[in-house]
Amino acid sequence: MADQSFQTLGEFIIDKQEDFLYSTGELSRLLSAIRLASKVVNRQVNKAGIANIIGKVGSSNIQGEEQQKLDVLANDIFIEALSQREVVCGIASEENDDFITVRTGPNAHLSKYVVLIDPLDGSSNIDVNVSVGTIFSIYRRVSEPGTPVILEDFLQKGVNQAAAGYVVYGSSTMIVYTTGNGVNGFTLDPSLGTYYLSHPSMKFPENGKIYSINEGNYIKFPQGVKDYLKYCQKEEDDRPYTARYIGSLVSDFHRNMIKGGIYIYPSTAQSPNGKLRLLYECNPMALLTEQAGGKCTDGFQRILEIEPTELHQRVPFFCGNTKMVEEAEEFMKNAQ
Ligand code: AHG
Ligand code: MN
Ligand code: MN
């Protein structure tokens with residue numbers, strides 16, 4: 001019977017509070033808000049087919065992408081949960097053109113954190129019952145507490161993140177996060193509504209054999225990526241590698257971190273910066289990757305050191321086992 005972990009996410013957050021640099025309990029409260037919102041979104045995702053929430057809303061976000069009903073619902077749920085604990089002073093989301101200033105009340109000086117979020121990642125997979133996710137990135141504000149947040153609070157380099165993580169709404173629902181002391185994963189027991197520690201100290205295995213890329217775009221890829229893909233497919237040593245691509249960054253990343261692999265969303269002829277967004281997709285994944293012993297670059301440069309200039313900025317993305325990313329980088333360099 002005692003084959004399950006009995007450490008809950010709630011206990012873990014409190015236990016680890018002391019390890020955190022600015023330990024005052026605020027980050028713990030913020031993580032608790034994310035934990036709660038993820039359970040509400042999970043409930044909606046689980047009954048998507050019967051709750052009239054499959055399909056498009058009929059509107060587009062600032063990036064010209066059609067919003068799904070669940071994109072909007074998940075966005076509302078996370079914003080609501082994050083706004084209520086008096087620790088968050090601003091939120092930037094994939095689904096909102098501009099950042100949101102969280103109300104400044106008598107306790108405004110206590111709200112020191114900004115959150116950047118992709119409320120529903122992989123939304124094209126919702127209608128077909130394939131795993132989707134949520135990605136979050138947390139910073140301490142750089143402007144004075146008690147004053148309204150400013151753009152600079154959000155445009156911080158990834159290395160400054162206080163915490164980052166994702167939720168994967170998969171065959172089971174998991175929350176995986178880091179506060180800069182390794183990566184831990186928790187699985188939701190849906191009958192109890194409680195997350196339990198199931199994947200302590202997650203690490204990329206040393207060697208990986210999976211490559212994940214939307215190969216349908218092959219013709220538009222940079223020469224370095226084309227050359228690397230041919231290398232992945234060559235029968236030599238431990239190759240060919242296996243191709244796996246779900247189309248939800250969260251799910252593709254989660255699998256690759258556990259099994260070993262590389263995820264690439266490169267620039268293309270039409271989109272010189274690729275598709276993925278630096279602030280709420282690439283940076284949080286990059287922090288998790290490095291904390292799990294992997295490597296994450298734009299093909300040349302460390303993602304976490306890129307100086308952001310815009311909220312919805314895109315960036316080419318190479319992420320996974322250190323060895324595999326370094327191999328891919330070698331091909332990029334040689335094709336220059
Ligand atoms: P989102 O649903 O938040 O817009 O993100 C979709 C992203 C990412 O999750 C996924 O890896 C990628 O888009 C898939 O893009 P392609 O369909 O171009 O392969
Ligand atoms: Mn996304
Ligand atoms: Mn999204």
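The values are calculated or read from the model by the stated rules, or taken from the named source; none is laboratory data. Owing to the predicted nature of the structure, the values given are computational and were not obtained by experimental measurement. Cβ sites come from the backbone with ideal geometry, for glycine too, and all protein chains shown count toward neighbours. With ligands, DNA and RNA removed, areas are computed over all heavy atoms of the protein, side chains included. Shrake-Rupley method; radii C 1.70, N 1.55, O 1.52, S 1.80 Å.
Tell me, what % of the accessible area of the stretch 4-199 is carbon and sulfur with a 1.4 angstrom probe? Kindly include the intermediate steps, with their values, before the conclusion.
Working: 4050 of 8170 Å².
Using a 1.4 Å probe with all protein chains present, the stretch 4-199 comes out at 49 percent carbon and sulfur.
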### Task
Filter the trypsin sites (Lys or Arg not before Pro) in the stretch 66-147 down to the DSSP loop ones having no more than 14 other Cβ atoms within 10 Å, then list what survives.
R103
### Within the stretch 260-274: backbone nitrogen closer than 19 Å to the E330 label point (7 Å, Cα to C-beta)
261-264
### Query
What spacing in nm lies between the two simple spin-label points modelled at Q233 and V128, each 7 Å away from Cα in the Cβ direction?
2.1
### the stretch 169-249: GluC sites (Glu not before Pro) falling in loop per DSSP and having at most 12 other Cβ within 10 Å
E206, E235, E236
### Query
If you average the sequence gap of Cα pairs under 8 Å that are 6 or more apart and divide by the length of the chain, what percent do you get for the contact order?
15
### Query
Placing +1 at every Lys and Arg Cβ and -1 at every Asp and Glu Cβ, with all other atoms neutral, what dipole size does the stretch 159-298 have around its Cα centre, in debye to the nearest 20?
220
### Task
Provide the per-residue ³J(HN,Hα) series for the stretch 119-129, in order, calculated from phi with Karplus coefficients 6.51, -1.76, 1.60 and θ = phi - 60°, each as a whole number of Hz, with x at glycine and proline positions.
x, 9, 9, x, 5, 5, 8, 4, 5, 10, 6
#### Entry: Residues whose placed amide H lies under 5 Å from that of T173, excluding near-sequence neighbours
L188
#### Entry: Peptide ranges 277-288, 176-187, 256-267 listed from the most packed, as the mean C-beta count within 10 angstrom indicates
277-288, 256-267, 176-187
### Message
Helix check for the chain. Which DSSP H runs span at least 24 Å along their own axis by Cα, with a mean Kyte-Doolittle hydropathy no less than -0.5?
### Response
26-46
### Message
Show me the trypsin sites (Lys or Arg not before Pro) within the stretch 170-220 that DSSP assigns to loop and that have at most 16 other Cβ atoms within 10 Å of their Cβ.
### Response
K203
#### Entry: Reduced Cα scattering model of the stretch 210-334, Debye log10 I(q)/I(0), q = 0.12, 0.15, 0.16, 0.19 Å⁻¹
-0.38, -0.61, -0.71, -1.03
## Note on the structure
Counting only protein heavy atoms with a 1.4 Å probe and every protein chain in place, the carbon and sulfur fraction of the accessible surface of the stretch 210-334 in whole percent equals 47
### Task
For S59 and N207, compute 0.36 nm times the residue count separating them, minus their Cα-Cα distance, and round to one decimal in nm.
49.0 nm
### Query
Heavy-atom accessible area per residue, the chain, 1.4 Å probe: how many Å²?
43
### Query
FRET efficiency for Q7 and A51, Cβ-Cβ distance as r, R0 = 30 Å, nearest 0.05?
0.40
### Query
Which cross-chain or sequence-distant (5 or more) residues have an amide H under 5 Å from the amide H of N273, H modelled 1.01 Å from N in plane?
T268
